[in-house]
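One structure is given here, and the rest of the page talks about it.
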Amino acid sequence: MEHIEMTEETEKLRSKKERDLATYPDRLIQVGEACALTSLSRTQIHRLCNEPEYAHLGFPKSVPLGLSRRAWFLPAVRRWISERAAADTGQASEPSSTADKDTSPPWEV
């Protein structure tokens with residue numbers, strides 16, 4: 001019985017999250033939600049944002065919310081996901097320099 005209640009509660013939370021996404025499509029998201037959307041870890045996202053060797057991957061810039069909190073625009077993260085998917089399926093052009101090809105993305109490190 002307890003398991004069923006957890007499932008119903010999870011469904012309520014999932015439905016609320018889906019409603020929030022539909023209601024506020026241009027909102028800011030914090031690192032936890034960026035992780036959930038991209039399937040990357042917090043460390044990988046911070047590498048994409050802060051380390052020059054990953055700049056060619058074009059992860060969206062974050063905006064400061066306070067002294068130690070940053071967020072990303074949801075549409076920019078979704079666009080980045082779409083671009084990565086297109087690049088992986090061969091729909092986008094390959095990197096032109098050989099240096100870009102030698103640097104593996106942070107999720108392959």
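One table, with the values for the structure above:
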{"read-out": "Qualifying residues in region 42-60 (those that are part of a loop (DSSP other than H, G, I, E, B) and under 11 Å from the mean Cα position of the chain (by Cα)) - the one nearest to residue 84 (Cα to Cα)", "value": "59"}
{"read-out": "Scan of region 45-60 for residues that are farther than 17 Å from residue 32 by Cβ and either in contact with a helix residue (DSSP H, G or I) (Cβ under 7 Å, 6 or more places away or on another chain) or among the aromatic types (Phe, Trp, Tyr) (or both), ordered by number", "value": "54, 56, 57, 58"}
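Quick note: the coordinates plus some simple rules give every number you see, no bench work behind them. This structure is a prediction, so every number in the text was calculated from the model and none was measured. Quick reminder, even Gly has a Cβ in these numbers, built from the backbone with ideal geometry, and neighbours come from all protein chains shown.
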